[in-house]
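The values are calculated or read from the model by the stated rules, or taken from the named source; none is laboratory data. Keep in mind the model is a prediction, meaning the values are calculated, not measured. Cβ placement follows ideal geometry from the backbone for every residue including glycine, while neighbour counts extend to all protein chains displayed.
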Amino acid sequence: MSMDGRCAVVTGAGSGLGRAIARRLAADGARVVVAGDKEGPLARTVELIEGDGGAAVAVRCDVTREEDVAALASRAVERFGRLDVLVNNAGMEFAKRVEDTTVAEWDRLMDVNLKGVFLCAKHALPAMRDGGGGVIVNVASELALVGSEAVAAYSASKAGVLQLTRALAVDHAGDGVRVNTLSPGVILTDLLQTALDSTGDADKRRREFEERTLLGRLGTPEEAAEAALFLASDRSSYMTGANLVLDGGWTAH
Ligand SMILES: NC(=O)c1ccc[n+]([C@@H]2O[C@H](COP(=O)([O-])OP(=O)(O)OC[C@H]3O[C@@H](n4cnc5c(N)ncnc54)[C@H](O)[C@@H]3O)[C@@H](O)[C@H]2O)c1
């Protein structure tokens with residue numbers, strides 16, 4: 001299996017895409033550090049991975065707090081002896097235009113979606129370098145590429161992730177660290193359901209999303225996890241600084 005012997009840290013792994021990515025990497029042989037801000041859901045992800053015969057440990061970590069993130073990287077090395085893969089998946093979203101967004105809301109979203117990626121990369125890189133290299137996968141969004149209604153702060157944060165990815169790729173190619181972005185389209189998870197519910201007519205909004213997508217349906221967390229595994233493994237060995245878009249054709253037209 002392509003991830004045998006490797007240690008992968010996945011943030012936001014207590015739900016949605018993060019849980020699916022953690023399970024997919026573990027199924028392919030990785031030992032996974034399941035990180036996130038809520039203990040119960042993390043324990044459930046570990047249970048699912050162990051139930052499938054994989055190895056995982058849960059580490060509670062708020063990606064906006066540097067002390068938590070530093071401890072996360074140390075814990076990965078302590079538990080599994082190395083750190084090969086970091087999937088920066090933790091994220092948040094709210095549906096607001098700029099005029100309706102408070103400064104506190106803007107700051108919190110930027111902290112989670114962008115500063116979190118910076119902090120996790122900062123603290124994972126030394127361990128990756130010590131191990132002879134590694135891979136970072138940053139989860140952005142199709143909304144890093146195109147505009148949409150009432151997602152100003154979210155779009156800006158994800159565009160930042162895209163460019164931070166390129167900067168990291170340039171700075172760390174020489175360390176043997178590849179850094180790529182995965183940009184999912186509309187994937188049915190709790191985050192999406194909350195966003196749909198906040199519109200007041202979730203079914204209508206969902207139908208609009210489906211119609212806007214060339215493939216006529218929403219994506220699944222498992223489909224996104226397959227793409228994350230590709231980026232995390234040697235199968236993408238000639239890719240760095242790239243953005244893999246997984247959006248059912250949303251941004252193609
Ligand atoms: N679902 C989609 O349609 C979609 C589309 C494009 C991009 N994304 C991105 O995929 C990622 C995962 O989203 P999801 O849909 O699975 O949503 P989700 O809400 O199910 O997952 C987000 C996870 O991040 C965790 N998290 C939030 N703040 C955190 C913090 N400060 N520290 C640590 N963990 C924190 C949450 O506990 C949760 O487990 C996000 O970055 C999101 O922006 C999702």
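Hey, does region 172-193 have a residue that's among the charged types (D, E, K, R) and modelled with pLDDT of 95 or more? Within region 172-193 (the criterion being among the charged types (D, E, K, R) and modelled with pLDDT of 95 or more), the answer is yes, since at least one residue qualifies. Remark: pairs (first residue in region 179-202, over 21 Å from Ala242 (Cα atoms) and of a type in the set (Asp, Glu); second residue within 8 Å of the ligand (Cβ to nearest atom) and at pLDDT 95 or above; Cβ separation under 8 Å; 6+ apart in sequence or on different chains) = Asp190/Ser15; Asp190/Gly16. Screening Val69 with (1) farther than 26 Å from Leu188 by Cβ; (2) in contact with a helix residue (DSSP H, G or I) (Cβ under 8 Å, 6 or more places away or on another chain); (3) more than 10 Å from the ligand (Cβ to nearest atom); (4) aliphatic (A, V, I, L, M) gives one miss only, at (3). Scanning region 58-75 for residues that are of a type outside the set (Val, Ile, Thr) and closer than 17 Å to Gly14 by Cβ yields Ala58, Arg60, Cys61, Asp62, Arg65, Asp68, Leu72, Arg75.
Beta carbons closer than 6 Å, at least 6 apart along the sequence or on distinct chains, pair a first residue in region 28-40 that is more than 12 Å from Val59 (Cβ to Cβ) with a second that is part of a strand (DSSP E or B) for Ala30/Ala8; Arg31/Cys7; Arg31/Ala55. Which ones in region 1-27 are out of contact with any Leu (no Cβ under 7 Å at 6 or more places or on another chain), touching a residue at least 60 places away in the same chain (Cβ under 8 Å) and assigned to a loop (DSSP other than H, G, I, E, B)? Matches in region 1-27: Ser2, Arg6, Gly12, Ser15.
Within region 206-247, the residues that satisfy the criterion of being closer than 26 Å to Ala8 by Cβ, part of a loop (DSSP other than H, G, I, E, B) and among the small types (Gly, Ala, Ser) are Ser233, Ser237, Gly241, Ala242.
Mind checking whether some residue in region 83-104 is surrounded by 15 or more Cβ atoms within 10 Å (Cβ to Cβ), under 18 Å from the mean Cα position of the chain (by Cα), within 15 Å of the ligand (Cβ to nearest atom) and in a helix (DSSP H, G or I)?
Filtering region 83-104 for residues surrounded by 15 or more Cβ atoms within 10 Å (Cβ to Cβ) gives 83-96, 101.
Still in the running and under 18 Å from the mean Cα position of the chain (by Cα): 83-94.
Restricting the remaining residues to those that are within 15 Å of the ligand (Cβ to nearest atom) gives 86-94.
Retained after the next criterion (residues that are in a helix (DSSP H, G or I)): none.
Taking every residue of region 83-104 in turn, none turns out to be surrounded by 15 or more Cβ atoms within 10 Å (Cβ to Cβ), under 18 Å from the mean Cα position of the chain (by Cα), within 15 Å of the ligand (Cβ to nearest atom) and in a helix (DSSP H, G or I).
Here's the yes/no breakdown for (1) closer than 19 Å to Gly249 by Cα; (2) surrounded by fewer than 21 Cβ atoms within 10 Å (Cβ to Cβ); (3) within 16 Å of the ligand (Cβ to nearest atom); (4) more than 14 Å from the chain's Cα centre (by Cα):
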site: Met128; (1), (2), (3), (4): no, no, no, yes
site: Val135; (1), (2), (3), (4): no, no, no, no
site: Ser141; (1), (2), (3), (4): yes, no, yes, no
site: Glu149; (1), (2), (3), (4): yes, yes, yes, yes
site: Ala167; (1), (2), (3), (4): no, yes, no, yes
site: His172; (1), (2), (3), (4): no, yes, no, yes
site: Arg178; (1), (2), (3), (4): no, no, no, yes
site: Thr181; (1), (2), (3), (4): yes, no, yes, no
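Residues of region 36-57 that are within 12 Å of the ligand (Cβ to nearest atom) and surrounded by 18 or more Cβ atoms within 10 Å (Cβ to Cβ): Gly36, Asp37, Pro41, Leu42, Thr45.
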